[in-house]
Amino acid sequence: MPQLLVELFSEEIPARMQAQAARDFERMARERLAAQGLLPEGLTTFAGPRRLTLVAEGLPAAQGDRHEERKGPRVGAPDAAVEGFLRSTGLTRDQLVEKDGVYFAHIHRAGRPTAEIVAEMVPDIVKSFPWPKSMTWGRGTLRWVRPLRRIVCLFDGEVVPFFVDETESGDVTEGHRFMGDAQPFRVKDFDSYRDGLAKHFVILDAEERKAKIMDAARTLCFARNLELVEDAGLLDEVAGLAEWPTPILGEMDPAFLDLPPEVIRTSMRTHQKYFAVRDAATGKLAPHFVTVANIEAADGGRAIAAGNARVLSARLNDARFFWDEDRKVQLEDRLEKLKGVTFHAKLGTLHERVERIEALAADLALTVGAEPETAAEAARLAKADLVTGMVGEFPELQGLMGGYYAREQGLPGEVADAIRDHYKPQGPSDEVPTAPASAAVALAEKLDTLVGFFAIGEKPTGSRDPFALRRAALGVIRIVLEGKLRLPLRSVFAGHGRRIAASGLEGADLLDFFADRLKVSLRDQGKRHDLVDAVFALGDDDLVRIVARVEALDSFLATEDGRNLLAGYKRAGNILKAEEKKGPLPEGPATAMAGAPAEEGALIAALAAAAPQVEKALAAEDFAGAMLALAALRAPVDAFFEAVLVNSENDAERENRLRLLVQVRDLMAQVADFSQVNG
């Protein structure tokens, strides 16, 4: 079946936009083709420094004929309504069909050639493409990320003719800007397009470009007994900067190695897009770097490496200046400057935030096993590096540089470590601070953020989370769970809310927010979200205990006893709900009644035996034991529902049996709210 090939060729597309642009291109093409009844067998997009490419395989030559039945106004409706309906369908009144007092239009449309549809689709995609930033140029009105120079559009080997602003579609593209024969060349299909680009020094596929970079860079390092410091984010970026990526190993002045290694790596990565290199024997940074050029230089890249080394030296000289100057001022002496930095208009200055974090860290210290004075000192100094020259130049080093400066001025190692780690964890792959003082300060920093922004009504909505509150909550959850810290969230929220004078703080909202984040965390571990709801419904705010309950509940419901008891619980719950609509349920324990079925007495006895076992297990936080005690109810509950009629005509029997079901529900509710469990 025919193939569609589209290339949108422009000036350089920013590397950070390329991956999303490829996804948007695929989505927009797929949606528009599907709307016309055209479903390709395969659709692939590619993005690079100067082009977006789409290839769709297995499209039909034309869309099929289509029939549509459209409902219109009622028979006898005003003429204006009928005339409007006729205009929208292109029919006349005598072509309408009456059915059940309503006019219907039967519209037949012959299928259009696919090329004709593509000629409309591609300009529409180009004109509505969702670039984060775009521009116009020349005398045209088209907005595109950078000036659009060419459009290739071939269907079944033939050019699909159209214009987008002043750019005409065709079958001509270009290779590398500098290497080889830079003349434009013609293509006839995707194979000739991809192969032609390769001959003209362009690698179309970003994954292939990344593989080429890594293979060549590792080979260069191995030859010098070095190791590449791998960086997935930087690899994505440089693969979007070069059509024919060529790694080059350069040398830097070894005198700069006395700077903190993170400073060197950040300067290389942020400003120069270089990969750092380490000594294979020691694991320490080596006086080398790997840069990725967009050409194969005649001298093997020596001139490029030398030029890049000079630029890097200039950057590192700046870093050395900041490093030397920053160390002349004690962290404590920088705190005054924080009074002039606004954290948030409704939450005060950074200095006020530091005072809150210091107080909260001291409160949390005993919970995490830290000395309150140590935690408070680290919290007080944790934000001081924000007004240093180094962090001003490299904001991503905040916290880290504070740790270095704390060591330089002779502060205890646990204080320096807590300053260094107080932003952690910043993502799922980031380490969790485990040292007591570090955990206290990291928790205080995140909880101040959460309590503060919830207090002023700045809660995340949909995909909007400008203050990264979801990340902060997940950070708290990870620190608490991995450290097995018994943190009473409600009292923490309330106490810290008073520091912020947060009369409007909704602690319940914040606890619900944690429940949602815990669901995300546990879902990644294969746990069901409804089990989190079932446990949170008990009102517990101890995350360690909540997770222990969820895990025990998960294991219990995986057993036959658990599944059957859940079914019995729901049956009892449905009966009780129906009775509650009629009036209050009878109170008090059920009693063994003369003449009652044996199954009723057996369930009463089973409840009497299970209740103290459940309570004892829960008191010891032995949730698996509590579930085991509940499991003993499975057979008596099943037998009760098979043999006993709850809604007896005898009022005394009926009330006694309802009390019995209330006891089943209440005993199980001590473990979890089983009404929240799916199934």
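In terms of surrounding Cβ atoms within a 10 Å radius of their Cβ, TYR405, TYR423 rank from fewest to most as TYR423, TYR405. Straight-distance candidates among the lysines for linking to LYS99, with alpha-carbon spacing under 30 Å and chain neighbours fewer than 8 residues away dropped: LYS71.
Rank by packing, highest mean first: peptides 214-225, 513-524, with packing defined as the count of other Cβ atoms within 10 Å averaged across residues. Could you put the intermediate results ahead of the total?
On the way: 214-225: 15.2, 513-524: 17.4.
In decreasing order of mean packing, 214-225, 513-524 become 513-524, 214-225.
When you count the other C-beta atoms within 10 angstrom of each residue and take the mean per peptide, 278-284, 80-86, 666-672 line up highest first as 666-672, 80-86, 278-284. The list (1) -0.30, -0.90, -1.06; (2) -0.43, -1.06, -1.12; (3) -0.25, -0.84, -1.03 gives values of log10 I(q)/I(0) by the Debye sum over Cα atoms at q = 0.05, 0.09, 0.10 Å⁻¹, and only one came from this structure; which label was calculated from it? Recomputing log10 I(q)/I(0) by the Debye sum over Cα atoms at q = 0.05, 0.09, 0.10 Å⁻¹ here picks out (2). In percent, rounded to a whole number, the relative contact order of segment 332-526 is 18, using alpha-carbon pairs under 8 Å and six or more apart. Within a straight-line Cα-Cα reach of under 12 Å, LYS328 can be paired with the following aspartates and glutamates, leaving aside sequence neighbours fewer than 8 residues apart in one chain: GLU408. Checking the cross-link pairs LYS337/LYS424; LYS459/LYS519; LYS133/LYS273; LYS210/LYS424 against a 27 Å limit on the alpha carbon distance flags LYS210/LYS424 as lying beyond it. Segment 504-559 and segment 86-101 have Cα centres spaced 57 Å apart.
Along the axis of the charge dipole computed for the chain (Cβ charges of +1 for Lys and Arg, -1 for Asp and Glu, origin at the Cα centre), the listed residues GLY37, ALA508, ALA624 are led at the positive end by GLY37.
Its DSSP H runs of at least 4 residues, each contributing -39,500 (n - 2.57), put the calculated 222 nm mean residue ellipticity of the chain at -16000 deg cm²/dmol, to the nearest 500. The order of ASP171, ASP156, ASP512, going from fewest to most other C-beta atoms within 10 Å of their C-beta, is ASP512, ASP156, ASP171.
Of the peptides 290-300, 627-637, 540-550, the order by per-residue mean of other Cβ atoms within 10 Å, starting with the highest, comes out as 627-637, 540-550, 290-300.
Footprinting exposure proxy ranking of THR136, THR45, fewest other C-beta atoms within 10 angstrom first, gives THR136, THR45.
Here, each number is a calculation from the coordinates, and none is a lab measurement. Owing to the predicted nature of the structure, the values given are computational and were not obtained by experimental measurement. No Cβ is skipped: glycine too gets one built from the backbone with ideal geometry, and neighbour counts run over all protein chains shown.
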